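Peer 1: Sharing a structure here in structure tokens format.
The values are calculated or read from the model by the stated rules, or taken from the named source; none is laboratory data. These figures come from a predicted structure and were not determined experimentally. So basically every Cβ, Gly included, is an ideal-geometry build from the backbone, and we count neighbours across all protein chains shown. Each accessible area value is taken on the protein alone, full model and side chains, heavy atoms only, with ligands, DNA and RNA left out. Shrake-Rupley method; radii C 1.70, N 1.55, O 1.52, S 1.80 Å.
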Amino acid sequence: MNKALLGMIGLGLMATVGCSSGRDIEVTGSVSAASSAAVDGEILLSFYELDAEDATSRIHIDDRKLSELGDFNETISVEGSKIVIVAINDRDGDGGCSTGEAWAEVEAEVNEDDTIEPVSIVLNNTACPATGE
């Protein structure tokens, strides 16, 4: 009887874990910097999904780091149809944009075939944005 109960619990847990409506999307692109931007070290990539009910609200998906400017290829789980990628030359390592750090963001559409066109992100030394979380 205990084995049967454990089996039912295991099946319930597997069903719960496997029922996400998100799908894995491959995001590719490049991060470069404007000639006026002072960039040195790691680049923090933060991925957000735009809320389907409130397009101004962002839902944090994941963070990844690049060791330097260049190309990236990441897989993220997305439920909606639009994402925002924020790239920051996070020199102080605080996980956000700080005064003097170059940053940029791009918005991308998820196509009907669950792909995203390659993105190009160009970092600039502009004032940091307010957080959208």
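Peer 1: What's the total number of residues in segment 55-68 that are open to solvent by 70 Å² or more (accessible area, probe 1.4 Å) and not in a strand (DSSP E or B)?
Peer 2: Qualifying residue count, segment 55-68: 4.
Peer 1: Take segment 74-104 and flag every residue that is in a strand (DSSP E or B) and either closer than 12 Å to residue 27 by Cβ or touching a Phe, Trp or Tyr at 6+ places or on another chain (Cβ under 9 Å) (or both).
Peer 2: Just the residues of segment 74-104 that are in a strand (DSSP E or B), to begin with: 74-78, 82-88, 103-104.
The answer is 74, 75, 76, 77, 78, 83, 84, 85, 86, 87, 88.
Peer 1: Of everything in segment 107-121, what is in a strand (DSSP E or B) and surrounded by 15 or more Cβ atoms within 10 Å (Cβ to Cβ)? Give them in sequence order. Show your work before the answer.
Peer 2: Our first condition is that a residue be in a strand (DSSP E or B); within segment 107-121, this holds for 107-109, 119-121.
108, 119, 121 - these are the residues of segment 107-121 that are in a strand (DSSP E or B) and surrounded by 15 or more Cβ atoms within 10 Å (Cβ to Cβ).
Peer 1: Select from segment 57-92 the residues that are in contact (Cβ under 8 Å) with a residue 24 or more places away in the chain and more than 14 Å from the chain's Cα centre (by Cα) and list them in ascending order.
Peer 2: 57, 67, 68, 69, 70, 71, 89, 90, 91
Peer 1: Identify all residues within segment 29-51 that are of a type in the set (Ser, Thr, Tyr) and part of a strand (DSSP E or B); write none if there are none.
Peer 2: 30, 32, 46, 48, listed by residue number.
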